[in-house]
Amino acid sequence: MQPTIIVLPSPEALAVAAAGEILNHARRAISDHGRFVIALTGGSTPEKTYKEIVSLGLKQKADWVRWFVFMGDDRHVPLEDSRSNFGMAMRTLLHHVPIPANQLFPIPTEIQPVQRSASEYDRTLRQFFGTAPPVFDLILLGLGDDGHTASLFPHAPALSCTADLVTSSPPGVLPPPVDRVTFTFPLLNAARAVLFLVGGANKARTMARVLDPAAQVNEVPAAGIRPAHGTLCFMLDSAAADALPPTLPIKRVNPQ
Ligand code: 6PG
């Protein structure tokens, strides 16, 4: 299935539009099967969106008690550490909306060593989904300048991990230089929907590489995100879309 590419005029407009898109996914999932299972991501672009989800979600009276929140990847640091993705999600979103605490599933980064932390989260996911396939209603992803997504870095062993839902990864070339825990491609590509949130001129060249049909996943891991039965959408600001070929079907949205 071809990805949908939506371009907003500014980082602020991207954050608001992405928040609306995520809340729409939640409404559809809850109406369809009574719950919304989402995996968040780290990064400054998603962070802006989480803040918008709070205001928009409270205004729309989102059905928070049916939300189940996981983390698609995290740094192997304590939740209180400023580098923690789940810590950021708590500060910007989860502490501000009434999702029941037992429906929040951070990666257990207190478990050492990092592979055991990954195995424990893998077990949590299998327990949560039971006999059903581990299918998320929505997985959010960011894009690193180096082409990584989640914590799937170029040339990393995690790229070829197919037996597990979650694995560990040594630091990539981008900071912070800490071990990571990340969803693997099989879990990411099983999702009903994957939504990339990408902003900034520093992502423009990488975005073009991701959408290049000749992209090599080992070089540009984000190009390996191709949901088998789900939808794939890239929501970009105009700076991040600046190097995309004009031949791509891009939907430019100018919110009033
Ligand atoms: C991480 C993130 C990572 C992030 C991208 C985009 O742990 O580093 O999960 O994959 O989403 O690096 O980050 P920005 O939006 O800050 O550019």
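Against the list (1) surrounded by fewer than 18 Cβ atoms within 10 Å (Cβ to Cβ); (2) polar (S, T, N, Q); (3) within 12 Å of the ligand (Cβ to nearest atom), the condition residue 151 fails is (1). Note on the stretch 198-255: among residues that are assigned to a helix (DSSP H, G or I) and of a type in the set (D, E, K, R), the one that is nearest to the ligand (Cβ to nearest atom) is 203. The single condition from (1) assigned to a loop (DSSP other than H, G, I, E, B); (2) loosely packed, with under 15 Cβ neighbours inside 10 Å; (3) more than 16 Å from the ligand (Cβ to nearest atom) that residue 123 fails is (1). Taking interchain pairs and intrachain pairs at least six residues apart, which have beta carbon atoms under 6 angstrom, with the first residue in the stretch 141-153 and of a type in the set (A, V, I, L, M, F, W, C) and the second part of a loop (DSSP other than H, G, I, E, B)? Correct list of pairs: 141/41; 150/72; 153/172.
Tell me, yes or no, whether the stretch 162-178 has at least one residue that is in a loop (DSSP other than H, G, I, E, B), touching a helix residue (DSSP H, G or I) at 6+ places or on another chain (Cβ under 7 Å) and within 16 Å of the ligand (Cβ to nearest atom). Quick ask: steps written out before the conclusion?
Pass one, the stretch 162-178, residues in a loop (DSSP other than H, G, I, E, B): 162-165, 170-178.
Narrowing further to those that are touching a helix residue (DSSP H, G or I) at 6+ places or on another chain (Cβ under 7 Å): 162, 164-165.
Next, only the ones that are within 16 Å of the ligand (Cβ to nearest atom) stay: none.
Scanning the stretch 162-178, I find no residue that is in a loop (DSSP other than H, G, I, E, B), touching a helix residue (DSSP H, G or I) at 6+ places or on another chain (Cβ under 7 Å) and within 16 Å of the ligand (Cβ to nearest atom), so the answer is no.
Where a number appears in this text, it was derived from the coordinates with a stated rule and is not lab data. Note that this is a predicted model, so its numbers are computed, not measured. Heads up, the Cβs are rebuilt from the backbone with ideal geometry, glycines too, and the neighbour counts pull from every protein chain shown.
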